[in-house]
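*Asks:* Got a structure for you, written out below as structure tokens; questions coming shortly.
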Amino acid sequence: MTEDEETISRLKAEHEELQFLRFGFDEAWEIGQNLVAQARRDKLPIAVDVSLNGQTIFHVGLPGSSPDNDQWLLRKSRIVQRFHQSSLFFATQLRVKGRTLPVDYGLPLAEYAASGGAFPVRVRDVGVVGSIAVSGLKDTEDHRMVVEAIRRHLAGKG
């Protein structure tokens, strides 16, 4: 199995594993606060966004982040909203298949970013209802932060 195949397999497993029984304003706030606490502890220059049904529920920029991070959050989250996949999963699939957003999907790069850091909020037996996104680190690290925050929340530790 190639490295890309292993990555795709791992990301698919995350989609299956990281599903909520319910997700509302309180859960959005808790996960956002958890990400901020970790970023402050580790002095990470990130921005965080948690949305639910098209509404921003939690959004913060921490020291060292910039308005550019807000745009990255928006562009990565649009991938989740449109394709119901994590932005890293989608980016990996594009690369493996040799496809691009503008040519293969007619999507402008100014509005969509196939780059890791946004993850779907999937409620079991309902579907995708929102997204959780981080911007400011390497895209795989942005992705990892979100995944770990969701895992902590689902385990009752965050």
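The numbers here are math on the coordinates, done by the rules we state, and not lab data. It should be emphasised that the depicted structure is a prediction, and the values quoted were computed from it without experimental measurement. Positions of Cβ are backbone-derived with ideal geometry, glycine not excepted, and every protein chain shown enters the neighbour counts.
*Asks:* Hey, could you pull the Cα Rg and Dmax for the chain, both in Å?
*Replies:* 14.7, 43
*Asks:* Taking amide H atoms as placed 1.01 Å from N in the peptide plane, list the residues 5 or more away in sequence, or in a different chain, whose amide H sits under 5 Å from that of residue 58.
*Replies:* Amide H neighbours of residue 58: 50.
*Asks:* Treating the beta-carbon of each Lys and Arg as +1 and of each Asp and Glu as -1, no other charges, what is the dipole magnitude of region 51-156 about its Cα centre, to the nearest 20 debye?
*Replies:* Dipole magnitude for region 51-156 comes out near 320 debye.
*Asks:* If you don't mind, there's one more thing I want to ask. Check every DSSP H run in the chain and write down those whose alpha carbon atoms cover 20 angstrom or more along the long axis and whose mean Kyte-Doolittle hydropathy is -0.5 or greater.
*Replies:* Answer set is empty.
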